[in-house]
Amino acid sequence: MSASNPEHNPVVEGPRDPEHDPAASYSLEPEYVATLTSRLTATSGETKEVRSPVDGAPLAHIPQSSEEDVVEAFARARRAQEKWARTPYDRRKALLLRLHDLVLDRQEEILDLIVLESGKARKHAFDEPIHIALTARYYGQTLDAHLASERKLGVLPALTRVDVNHVPKGVVGIISPWNYPFTMALCDGLAAIAAGNAVVAKPDAQTMLTALYGARLLDEAGFPKDLWQVVAGPGSVVGTSLIQKADYICFTGSTATGKRVAAGCAERLVGCSLELGGKNPMLVLADADIERAAEGAVRGVYSNSGQLCVSIERMYVADAIYDRFVERLTQRVQALSLGAGLSWEIDMGTLISEDQVRTAEAHVADAVAKGARVLTGGRARPDLAPYFFEPTILEGVTPEMTCFGNETFGPVVSLYRFHEEADAIARANDGDYGLNASVWSRDHARARAVARQIKCGTVNVNEAFAASFASVDAPMGGMRESGMGRRQGREGILRYTETQSVATQRVLPIAPVLGMSDETYAKVLTTGLRVLKRLGRA
C-alpha cells in the first residue's frame, strides 16, 4: 500500500513529534523493520545503519552476519534442498504463480521500500515488481519444459537409448547489487529454486530491506522458509564465505569484483554467472524517427539516474539528423521533473550515495577541463536530495577523457556524430565492454542487420533496454568484460543444473558378439557408419 494512505500504511507513517517520540526521525517504523530483519541469519550482535538517499533520514540498523552464520545458512539450505529437489514440478509451478500474484498485489508497498532505499523515481521502481512478476510467471508456466529429461540419439539406432537429465546443483549463492534491489535480489534466485536448488542470498547493504521483503513474499507464497536464506555483511567477509561454500555463484556488479568472484569459483571448480559493467552505445541512424529516438534516449540514459548496467552512456547520431536530434533530446531532458520522494510525478530521482555523486562530478569535470561541452546539467543538486546529480549531456568527448571509455553509472551521456554506419558500428564496438546496445531506424530489417554486428549480449531496436530486459523468454547477459553466462529464458534456468547423460544399451553390446572377431566387428561397424551417413542420420 502506498504512502498516500498513511493511516493504513505499515511502511511510512506520520507525522510524529520528534520531541516526544524518538522513532519519529526514522523513515520506516522500527517495528516494521524488525519484521523484515528477523528473516536474516545474523547473530554477530553487530549492526549497520542504513540511511535513505531521499533525505538522509535513517531507515534501519541491519543485523550483520558472521562467518558462523553463513555456515549455518548453508546447513539449513542444504537440508531444505534435499527435500525440495524431490518436489514435483506442478507444486513448484503453483508456488511461482502464487508469488506472481502476491508481487502484483503488494506492489505499492514494494515501491515504497525501493524508493526509500535507492532514491530512484517511483516510475522506475515500478519496473522491478513487474520484472519479478514476469519472471515468476514465466518459470511457473515453463519450468517442466526446460527441466524434463530429454531423449537424444543413441550410437546404435533402436539399440542405444540416451536420456539427458537436468540435475540441480545444490545450493546457489546469489550476490546482488543495490541498483535494482527487488529485481536483482529475486530474479536470478527464482530460476535457481525453480530448478530444484536452495539459495543463500547476500543482497547489498544499502537495499537489504527490499530484498528481505522479497524473501518474506516467498514465505507467503508457500516456499519452504529454509530454502531461501539471507545473510548480511561486507563482501570481504560474507561474500567470500559464500563463494567458498556455494555449488554455484550468481553475481551482479562491477567488472573488477566479478573477476575476483570468477577467480574464487575457479579455485573450487564451481560454475558462476556474472553480469558486470557496460559502456552501452546507442546508434541513431539517418532514417530514425527523431522524436521517438529522443524520447527513448531519455529513458535509456536517465532511468534510475543512469544507475543501470544496461543504461546508455554514449550515443552515435547520423550527421544528417544530428542537430535536430540533439535539440529535441536537450529539450526533453530540460523538461524532466527532478526530485526525490514517493511521488509518481518525479521523472528522475537521486543517486544512491556520495560515491556515485563523486564519480559523476569527476567525470564531468575531467571532460570539461579537457575541452568537452556541457549541453545541459553537469552539477550536483543537494537542494533536491543529498546525492542528487543533474541529468547531463556532454558533447566533444575525446578518448583522453575519463568518461570516454569508463563507466560513469550515473546520469551522464556523451554525444558523437557519424557519417558512415560502418564507422558507427566500429566505434560502438570500441572498448572492453559488451552488455547492451540500442539501434534506432525506421527500417527494422536494416537495424537488425546492424545489431548483429555489435558485440553486445543484448541489442534493442527502437528501444533502449526494456524490450530485451522484459522479454524473459530470451537470454540476457554480457560479452567480453561485461560478463559470462545468461539470466532469463532456458539458459537462465539450466545454468543452475548439471547435465547428466544416461545411456541404456539393449539386446546387443557395443562389442563383438557370437564369436565375431575384432577385425570383423570393425568392418561391420564401418559399413554401418557409411549406411547411416547415406540415410542422413546425425
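What are the residues in the stretch 461-495 that are open to solvent by 50 Å² or more (accessible area, probe 1.4 Å) and either more than 26 Å from H444 (Cα to Cα) or basic (K, R) (or both), if any?
Passing the criteria: R480, E481, M484, R486, R490, E491.
Looking at the stretch 35-48, is at least one residue of a type in the set (K, R) and in contact with a Lys or Arg (Cβ under 7 Å, 6 or more places away or on another chain)?
Scanning the stretch 35-48, I find at least one residue that is of a type in the set (K, R) and in contact with a Lys or Arg (Cβ under 7 Å, 6 or more places away or on another chain), so the answer is yes.
Among H124, H166, which is the only one that is assigned to a strand (DSSP E or B) and either of a type outside the set (F, W, Y) or surrounded by fewer than 20 Cβ atoms within 10 Å (Cβ to Cβ) (or both)?
H166
What number of residues in the stretch 275-315 are part of a strand (DSSP E or B) and open to solvent by 10 Å² or more (accessible area, probe 1.4 Å)?
Within the stretch 275-315, residues that are part of a strand (DSSP E or B) and open to solvent by 10 Å² or more (accessible area, probe 1.4 Å) number 2.
Applying the selection to the stretch 428-442, what residues are within 16 Å of Y316 (Cα to Cα) and either open to solvent by 40 Å² or more (accessible area, probe 1.4 Å) or part of a helix (DSSP H, G or I) (or both)?
A428, D430, G431 - these are the residues of the stretch 428-442 that are within 16 Å of Y316 (Cα to Cα) and either open to solvent by 40 Å² or more (accessible area, probe 1.4 Å) or part of a helix (DSSP H, G or I) (or both).
Restricting attention to the stretch 30-65, report how many residues are small (G, A, S), in a loop (DSSP other than H, G, I, E, B) and within 16 Å of G214 (Cα to Cα).
1
Looking at the stretch 147-156, which of its residues are open to solvent by less than 60 Å² (accessible area, probe 1.4 Å) and in a loop (DSSP other than H, G, I, E, B)?
Residues satisfying the conditions are A148, G154, L156.
If a residue has to be assigned to a strand (DSSP E or B) and of a type in the set (D, E, K, R) to count, how many in the stretch 187-245 make the cut?
Looking only at that region, the number is 1.
Given the conditions (1) out of contact with any strand residue (DSSP E or B) (no Cβ under 7 Å at 6 or more places or on another chain); (2) of a type in the set (A, V, I, L, M); (3) open to solvent by less than 70 Å² (accessible area, probe 1.4 Å); (4) more than 20 Å from L186 (Cβ to Cβ), report the number of the one that V450 does not fulfil.
(1)
Could you please tell me which pairs satisfy a Cβ distance under 6 Å, a separation of 6+ or placement on different chains, a first residue in the stretch 460-479 that is under 20 Å from T142 (Cα atoms) and touching a residue at least 24 places away in the same chain (Cβ under 8 Å), and a second residue that is aliphatic (A, V, I, L, M) and surrounded by fewer than 23 Cβ atoms within 10 Å (Cβ to Cβ)?
Final answer for the pair search is V472/L134.
Exactly one condition in (1) surrounded by fewer than 24 Cβ atoms within 10 Å (Cβ to Cβ); (2) touching an Asp or Glu at 6+ places or on another chain (Cβ under 7 Å) is not met by G341; state its number.
(2)
State yes or no: is E498 open to solvent by 80 Å² or more (accessible area, probe 1.4 Å) and not in a helix (DSSP H, G or I)?
Yes.
Does A133 meet the test of being over 29 Å from T207 (Cα atoms), hydrophobic (A, V, I, L, M, F, W, C) and assigned to a helix (DSSP H, G or I)?
In short, no.
Here are the criteria: (1) open to solvent by less than 80 Å² (accessible area, probe 1.4 Å); (2) under 30 Å from L394 (Cβ atoms). Tell me which single one A445 does not satisfy.
(2)
In the stretch 169-186, how many are touching a Cys at 6+ places or on another chain (Cβ under 9 Å) and either over 30 Å from A503 (Cβ atoms) or part of a loop (DSSP other than H, G, I, E, B) (or both)?
Summing the residues that are touching a Cys at 6+ places or on another chain (Cβ under 9 Å) and either over 30 Å from A503 (Cβ atoms) or part of a loop (DSSP other than H, G, I, E, B) (or both) in the stretch 169-186 gives 7.
Given the residues W228, W178, which is the only one that is touching a Gly at 6+ places or on another chain (Cβ under 8 Å) and crowded, with 20+ Cβ neighbours inside 10 Å?
W228
Take the conditions outside any helix (DSSP H, G or I), of a type in the set (S, T, Y) and at pLDDT 95 or above and apply them to S27. Does it pass?
no
The values are calculated or read from the model by the stated rules, or taken from the named source; none is laboratory data. Quantities reported herein were computed from a predicted structural model and do not represent experimental measurements. Note that we place each Cβ from the backbone using ideal geometry, even for glycine, and neighbour counts take in every protein chain shown. The accessibility values were calculated without ligands, DNA or RNA, using every heavy atom of the protein model including side chains. Shrake-Rupley method; radii C 1.70, N 1.55, O 1.52, S 1.80 Å.
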